[in-house]
1. Residue under question is D143, and the condition is that it be at pLDDT below 95, open to solvent by 60 Å² or more (accessible area, probe 1.4 Å) and either of a type outside the set (A, V, I, L, M, F, W, C) or over 22 Å from Q48 (Cα atoms) (or both); does it hold?
2. Give the residues of the range 167-190 that are of a type outside the set (S, T, N, Q) and open to solvent by 30 Å² or more (accessible area, probe 1.4 Å), sorted by residue number.
3. Restricting attention to the range 160-186, and to residues there that are among the aromatic types (F, W, Y) and within 19 Å of P17 (Cα to Cα), which single residue is modelled with the lowest pLDDT?
4. Since C29 meets every condition but one in (1) in contact with a His (Cβ under 7 Å, 6 or more places away or on another chain); (2) closer than 24 Å to P128 by Cα, which condition does it not meet?
5. Please specify each residue of the range 87-115 satisfying the condition of being hydroxyl-bearing (S, T, Y) and either open to solvent by less than 10 Å² (accessible area, probe 1.4 Å) or within 15 Å of Q48 (Cβ to Cβ) (or both).
6. Can you confirm whether T216 is loosely packed, with under 15 Cβ neighbours inside 10 Å, touching a residue at least 24 places away in the same chain (Cβ under 8 Å), closer than 26 Å to G20 by Cα and among the hydroxyl-bearing types (S, T, Y)?
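The values are calculated or read from the model by the stated rules, or taken from the named source; none is laboratory data. What you see is a predicted model, and the numbers here were worked out from it, not measured in a lab. Note that we place each Cβ from the backbone using ideal geometry, even for glycine, and neighbour counts take in every protein chain shown. Surface areas here come from the heavy atoms of the whole protein model, side chains and all, with no ligands, DNA or RNA. Shrake-Rupley method; radii C 1.70, N 1.55, O 1.52, S 1.80 Å.
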Amino acid sequence: VLPDNTMPRFILVEGAPGVGKTTLAWELCRQWREGNLLQKWELVVFIQLRNQRIRCAESLEQFLHHSDPDTCNKVCKQLQQNHGQGVMLVLDGFDELSEQQRTGMSFISRLLRGDILPKATLLITSRPLASVSLNQLLPHEPDQHIEVVGFSEDDIEAYINSAFSHNTQLRDNFQTYIKSYPFVYSIMYIPLHCRIITEVYETYWKEGSEEFAPKTLTELYMSLLRSLMIRYLGDHPDHIYKRITLKTLSN
């Protein structure tokens, strides 16, 4: 994905929610740490922009916060001296930023414009809708544009076989279920949906109520909520989860 002979300034990783952008970013960092990938960069730092502390950072020290302040200050000083040369900052979740944080004079917007660490490589993950404002903020178009498309049909089949490897009857019943409801199968290209659907279906299967398995996206997420309540409140002596509905949940 990333050429060995270049150090691009901006790399955009784009994809739908839950499709695996963060997983890819984490994997790149792990592979760098283990010496398998990205070895032309001396330092690769993973930064989650959904973190409120990071979003509100006003300095590089706050942005790259570390449990050891002395180490953090030394690293930041060196980065500023060489303008970020040889460093990759993996900025995960540009779409998590507010409109104000994407524009104006926030630390993050100055970093993206190149006012701070102008020689660092910035790998940015984002949902497609937010990429429009990102492109307006960057001084030039991304040097590389990577789209995470999710699971293929073969990937979905492999995931199902793995998820239900402990019970072939459950696997076969699930296969019949997704063939009966094409919409459910159509959203399984998103890995997060794939996990939710298989886990929710198994909950219904264990209860002997497979006919009530979700058939729409709304039903799917309501079923997920129910499954989580069963998992974490199932031992409650009053079986409180049985009395909770979506309308009463906030109470």
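1. On the way: at pLDDT below 95: yes; open to solvent by 60 Å² or more (accessible area, probe 1.4 Å): yes; either of a type outside the set (A, V, I, L, M, F, W, C) or over 22 Å from Q48 (Cα atoms) (or both): yes.
Yes.
2. Taking the range 167-190 and keeping what is of a type outside the set (S, T, N, Q), we get 170-172, 174, 177-179, 181-185, 187-190.
Selection gives R171, D172, K179, Y181, P182, F183, Y185, Y189.
3. Going through the qualifying residues, I end up with F183.
4. Result: C29 passes all but (1).
5. Filtering the range 87-115 down to residues hydroxyl-bearing (S, T, Y) leaves 98, 103, 106, 109.
Across the range 87-115, the qualifying residue is only S109.
6. Working: loosely packed, with under 15 Cβ neighbours inside 10 Å: yes; touching a residue at least 24 places away in the same chain (Cβ under 8 Å): yes; closer than 26 Å to G20 by Cα: yes; among the hydroxyl-bearing types (S, T, Y): yes.
It is true that T216 is loosely packed, with under 15 Cβ neighbours inside 10 Å, touching a residue at least 24 places away in the same chain (Cβ under 8 Å), closer than 26 Å to G20 by Cα and among the hydroxyl-bearing types (S, T, Y).
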